[in-house]
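See structure below.
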Amino acid sequence: MMNSQMMLNLNRNAQKMNNTQLQLATGKKINKPSDDPVGITYALRYRAELASNEQYQKNVDSAISWLEFNDTVLDQAGSVLQKVRELSVQAATGSNPQSALDSIKEEMSQLKEQLVDIANSTLNGKYVFNGQEYDKKPYDFASNINGILDPSVYNGSTDSGSIQYTVGDGVQLSINVTGNDVFGSGQDSVFMLMDRLNDALSKGEYGKISDELGNIDSRMDQILSTRAEVGAKTNRIELLQGRLGDLEVNLTELQAKTEDANYAELIMLSKIQENIYNASLSAGARIIQPSLVDFLR
């Protein structure tokens, strides 16, 4: 009975020391579910929430990149339209000879091509102004033998689908603007407007050139309004980005409190358990000294 009890105590002390050394080696106080059945459920929950939070942060980063690119492209489109307006004001002056109007028309044609390039802008291989059909070119104009864009090829509208990014638990945000919202559609599109301007310039119709100034201003106002909308979405998503960062810190702290080992405490505990184990070995050696021969004597 004494030998059995001694072996039981030795094994118990050795197991405690082994568990402490395992925690020191792994840096975790939960190495298997039986170490802390309740704690492991919290630890797994924190891990799942951290993984979800990491994906939300990636989505937020992508959304911010998309919105910032949209703002840059809209700024470029606004600059082109501002130049178009300046040329239109210059051309509307009745004292311009036809040669001057022809020169303005040539510059207008170049500005239109620049605007088409802007409208077909891509980010990571996706057309930003064609809604959910981002793999299709939204403004596919062709050029005739004179190099002039043929508006008849343009289909008149872009996809109006909304691209939703999941940026939080149950939180979705539309991050795209459609080409119709920015450049208009059909006869009201900025491209048709520029075609009408070019036609009026080639014919020297000053009144028609002047009549288009209001349409140009309307398109410019629409671009400014869209930029304001993009800016508001960017501000909101940056707030979400900060919130997700704070949540990551909180979850990481909770996970550390649940899983991570306290090295200072474990080092002291390990030394104590080592001393206890050595003492039990020493005591056990004295207990098992008598043999069966000693009893037979």
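The values are calculated or read from the model by the stated rules, or taken from the named source; none is laboratory data. Model, not experiment: these values are computed from the prediction. Here the Cβ positions follow ideal geometry from the backbone for every residue, glycine too, while neighbour counts run over all protein chains shown.
Points worth noting:
- Flag if I276 is over 30 Å from P97 (Cα atoms), surrounded by fewer than 17 Cβ atoms within 10 Å (Cβ to Cβ), in contact with a helix residue (DSSP H, G or I) (Cβ under 6 Å, 6 or more places away or on another chain) and at pLDDT 80 or above: yes
- In this entry, T93 is excluded by the filter for residues that are in a helix (DSSP H, G or I) and either out of contact with any Asp or Glu (no Cβ under 9 Å at 6 or more places or on another chain) or modelled with pLDDT of 90 or more (or both).
- Being closer than 30 Å to S218 by Cβ, outside the structural domain of L197 (by TED's automatic domain parsing) and small (G, A, S) holds for only one residue in A43, A63, A100, A77, and it is A63.
- Of all residues making up region 25-43, the number that are surrounded by fewer than 16 Cβ atoms within 10 Å (Cβ to Cβ) and either more than 10 Å from E259 (Cα to Cα) or more than 35 Å from the chain's Cα centre (by Cα) (or both): 9
- Here region 46-79 is the region considered, the condition is being in contact with a helix residue (DSSP H, G or I) (Cβ under 9 Å, 6 or more places away or on another chain) and farther than 30 Å from T178 by Cβ, and the residue that is surrounded by the fewest Cβ atoms within 10 Å (Cβ to Cβ) is E54.
- A single entry from L239, L197 fulfils the requirement of being at pLDDT 90 or above, assigned to a helix (DSSP H, G or I) and under 31 Å from the mean Cα position of the chain (by Cα): L239.
- In region 100-121, the qualifying residues are those that are of a type in the set (S, T, Y) and part of a helix (DSSP H, G or I), and the one that is surrounded by the fewest Cβ atoms within 10 Å (Cβ to Cβ) is S103.
- Test: residue in region 221-231 that is surrounded by fewer than 18 Cβ atoms within 10 Å (Cβ to Cβ), within 30 Å of S52 (Cα to Cα) and not acidic (D, E): yes
- Condition check for Q222: among the polar types (S, T, N, Q) and either in contact with a Gly (Cβ under 7 Å, 6 or more places away or on another chain) or more than 26 Å from Y56 (Cβ to Cβ) (or both): yes
- Residue count, region 101-117 (criterion: closer than 30 Å to N130 by Cα, among the polar types (S, T, N, Q) and either modelled with pLDDT of 90 or more or in contact with a Gly (Cβ under 7 Å, 6 or more places away or on another chain) (or both)): 2
- Total residues in region 229-287, condition of a type in the set (A, V, I, L, M) and in contact with a Phe, Trp or Tyr (Cβ under 6 Å, 6 or more places away or on another chain): 3
- The residues on offer are Q57, Q98, and the sole one that is over 18 Å from V190 (Cβ atoms), polar (S, T, N, Q) and modelled with pLDDT under 90 is Q98.
- Here V84 meets each of (1) under 34 Å from the mean Cα position of the chain (by Cα); (2) buried (at least 19 other Cβ atoms within 10 Å of the Cβ) with one exception, condition (1).
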